[in-house]
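Chemist: This is the structure, below, for whatever I ask next.
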Amino acid sequence: MSSIRPIEPGDRATIRALIEGTRAFKPHEVDVAMELVDAYLSRPDQKDYHPFVLVEKDGTVVSYACFGKNEMTAATFDLYWLATRADRMGKGYGRGIVAFVEDEVRRLGGRLLVIETSSKESYGDTRAFYEKIGCTLAAQLPNYYDEGDDKLIYLKPLA
């Protein structure tokens, strides 16, 4: 049994540990993720970032997602961050929090979810996950992050 809720101040260290624990993100990427957490926690009235955690019955935070509306569009939202504890991957938590994000985006009037990731081999499981949940690769920007590290842009239409 699990539930999904907005993040709270006491979640900050747990979210950082969860993101770091995936071993998918570089230290500066973790810092950027935490900037969004801090923006939300320091300005609860802001509408740019919507961070949520999926929590097991015992209170263990197992997944984190942060999304927001792209203000340059009519109804497109970006999934900024998605992470699941390494010891809980493959158990449906990622799929569960993404389904929640999709419902929230629809509730907020969204029709499209955009997800960016890396072409590096270490992101292979991430790409497979996005494809498994119905995302399609829409663009590839060569050498975007670094030489040999392309930016991949996935889209998930929301009916």
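Values in this text are rule-based calculations from the coordinates and carry no lab data. What you see is a predicted model; the values in this text were computed from it and never measured. Methodologically, a virtual Cβ is constructed for each residue, glycine included, from the backbone with ideal geometry; neighbour enumeration extends over all protein chains shown.
Chemist: Given the DSSP H assignment, sum -39500 (n - 2.57) over each helix run of at least 4 residues in the chain and divide by its residue total; what's the result at 222 nm in deg cm²/dmol, nearest 500? The partial results should precede the final answer.
Modeler: Numbers: 4 runs with 50 residues, N = 159.
Mean residue ellipticity at 222 nm (helix-derived): -10000 deg cm²/dmol.
Chemist: On a C-alpha basis, how far is the centre of the stretch 38-63 from the centre of the stretch 99-155 in Å? Whole number, if you could?
Modeler: So the two Cα centres are separated by 21 Å.
Chemist: Related question: Taking neighbour Cβ counts within 10 Å as the exposure measure, how do Leu54, Leu36, Leu141, Leu112 sort from fewest upward?
Modeler: Neighbour counts put them in this order, fewest first: Leu141, Leu112, Leu36, Leu54.
Chemist: For Lys120, list the lysines whose Cα falls under 19 Å from its own Cα; do not include residues on the same chain fewer than 8 positions away.
Modeler: Lys26, Lys132, Lys151
Chemist: Which three extents, in whole angstrom, do the alpha-carbon atoms of the chain cover along their principal axes, largest first?
Modeler: Dimensions of the chain along the principal axes of its Cα atoms: 41, 34, 29 Å.
Chemist: Rank the residues Tyr144, Tyr123, Tyr49 as a footprinting-exposure proxy: fewest other Cβ atoms within 10 Å of their Cβ go first.
Modeler: On the way: Tyr144 14, Tyr123 17, Tyr49 20.
The order, fewest Cβ neighbours first, is Tyr144, Tyr123, Tyr49.
Chemist: Let me ask another. Which shape class applies to the stretch 44-131: rounded if a/c is under 1.5, otherwise prolate when a/b exceeds b/c and oblate if not, where a ≥ b ≥ c are the square roots of the Cα gyration tensor eigenvalues? Present the calculation step by step, with values, prior to reporting the outcome.
Modeler: Values: a/c = 2.06, a/b = 1.26, b/c = 1.63.
Since a/c reaches 1.5 but b/c is at least a/b, the shape of the stretch 44-131 is classed as oblate.
Chemist: Something else about it: Mean Kyte-Doolittle of at least -1.0 and a Cα length of 18 Å or more along the axis: which whole DSSP H helices of the chain meet both?
Modeler: Details: long enough: 27-42 (22 Å, 0.30); 93-107 (21 Å, -0.29).
Span-like helices, by this rule, are 27-42, 93-107.
Chemist: Please list, ordered by chain and number, the residues whose modelled amide H lies under 5 Å from the amide H of Tyr144; skip anything fewer than 5 residues away on the same chain.
Modeler: Sorted by chain and number, the residues that satisfy this are Asp149, Asp150, Lys151.
Chemist: Also, I was wondering about something else. What's the longest bit of the chain with no exposed GluC sites (Glu not before Pro), using DSSP loop states and at most 10 other Cβ atoms within 10 Å as the test?
Modeler: On the way: sites that count: Glu71, Glu147.
The longest such stretch corresponds to 72-146.
Chemist: Can you tell me which lysines have their Cα less than 17 Å from the Cα of Lys69? Leave out same-chain residues fewer than eight positions away.
Modeler: Lys47, Lys156
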